[in-house]
Amino acid sequence: MSPSLPKVYTIAPDRPFLATLAAGLLEMATGDPLRLPRVTVLLPTRRAVRSLREAFLRATPDGREAGTPLLLPRMWPIGDLDSEELSLAEGVVDGGELAVAPVIPELRRRLLLTRLVLEWGERRGKDRILPGQAAALATSLAHLLDNVATEGASFEKIDDLVPENLAEHWQIVLHFLKILPQHWPRILAEEGALDPAERRNRLLERQATIWRSSRPRDPVIAAGLLGGLPALTELLSVIATLDQGAVILPGLDRACADDEWLAIGQDEAHPQYLMAGLLGALGLTPAEVRDWPPTELEPRSAAKVRPQTSRCSRLLYARRKKLASPARRKRVRVRGEFDFSARRCGRPRPPMPGAACSRSRQIRSMASAATTARARRARL
């Protein structure tokens with residue numbers, strides 16, 4: 001990898017992600033026991049943080065036994081940042097501290113949105129909204145606020161959502177949604193708080209600004225983060241260009257042809273869609289992504305590391321490519337075997353061949369046994 005290129009790595013799908021990540025970090029700190037605690041590792045969730053700690057406990061650095069006391073790196077869950085974890089973003093820019101307002105408590109937000117819905121119903125003057133209905137609508141509005149902030153969107157073009165030639169109830173829905181841009185910013189200003197998704201975006205943007213203007217002297221590793229959020233993509237772009245930064249992706253398919261990779265970047269249901277968007281933002285191709293850990297950091301274990309093109313990896317990529325192909329998705333969507341939604345992790349397994357016939361034989365056998373039992377009772 002050229003020094004001028006963003007430092008992006010991947011771990012093959014046939015290798016344990018967190019165990020391989022921990023092994024690479026230990027190799028990075030070989031010879032300096034105080035280097036590892038200076039490393040900052042960004043992970044998606046708190047569960048990933050706990051699992052990485054356990055992976056370090058199972059690791060055997062420098063030939064020592066597993067479970068040997070070890071100073072761990074600083075690990076931060078990007079998806080669950082809270083006020084106690086603001087040390088991740090400590091720093092000053094342009095001589096002034098970048099302050100971020102606290103998050104509004106979820107119960108407080110629901111109550112304020114419920115009151116906003118009730119006031120809208122009273123102004124409308126007909127079909128009064130009951131408190132229970134207002135609470136349900138407030139929940140939906142809270143989800144809408146989070147989705148808008150997550151996507152980096154705004155309510156500026158809300159009037160374009162509903163054409164005038166649609167039915168009247170669409171206009172009612174549009175007027176109802178307008179209470180958010182008209183009243184919610186004022187309420188947040190009075191509360192001195194931010195929505196959870198908006199505050200997360202500001203924390204990520206603030207950290208990107210700090211690291212862009214004052215580059216950290218110690219390593220910063222972003223592992224398992226795929227982008228998808230504009231603020232997160234910006235932060236990963238900054239980390240990939242740091243002198244001691246690295247972005248580590250899980251199971252990137254580097255064997256794709258150029259036309260296949262372009263198709264992946266346009267298919268939101270593909271499992272590699274977010275990685276394609278991140279690499280596009282970084283100006284990289286899959287062929288420019290290297291395996292983790294880098295070979296220069298693992299001279300003693302390079303012979304033990306299996307290449308990404310191992311037989312197991314090729315089988316996994318081929319299976320994933322077959323399931324994610326447009327023709328396959330269309331066929332299984334009609335048959336109802338899979339749900340290829342990008343937000344759903346668990347998918348029902350397809351029925352085994354001949355399962356319908358086996359089920360029919362089982363039903364016939366049960367019916368025959370019931371008939372025989374009734375005949376025996378009649379003879380008695």
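What follows is calculated from the coordinates using simple rules that are stated; it is not laboratory data. Small disclaimer: the values here were computed from a predicted structure and weren't measured. Don't worry about glycine lacking a Cβ; one is built from the backbone with ideal geometry, like all the others, and counts go over all protein chains shown.
Please arrange Lys157, Lys7 by how many other C-beta atoms lie within 10 Å of their C-beta, fewest to most.
Lys157, Lys7
In what order do Thr139, Thr372, Thr10 fall by count of nearby beta-carbon atoms within 10 Å, going from fewest to most?
In increasing order of surrounding Cβ atoms, one gets Thr372, Thr139, Thr10.
With +1 on each Lys and Arg Cβ and -1 on each Asp and Glu Cβ, and nothing else charged, work out how big the dipole of segment 106-193 is about its Cα centre, in Debye to the nearest 20.
Numbers: 11 positive and 13 negative charges, 80 e Å.
Dipole about the Cα centre, nearest 20: 380 debye.
Provide the per-residue ³J(HN,Hα) series for segment 138-149, in order, calculated from phi with Karplus coefficients 6.51, -1.76, 1.60 and θ = phi - 60°, each as a whole number of Hz, with x at glycine and proline positions.
5, 4, 5, 5, 5, 4, 5, 4, 5, 5, 5, 5
Report, by chain and number, residues whose modeled amide H sits under 5 Å from the one on Met75, excluding near sequence neighbours (fewer than 5 apart, same chain).
Val41
Tabulate in residue order the Karplus-calculated ³J(HN,Hα) for segment 130-137, using 6.51 cos²θ - 1.76 cosθ + 1.60 with θ = phi - 60°, rounded to whole Hz; enter x for Gly and Pro.
Karplus-based 3J(HN,Hα) across segment 130-137 equals 7, x, x, 5, 5, 5, 5, 5 Hz.
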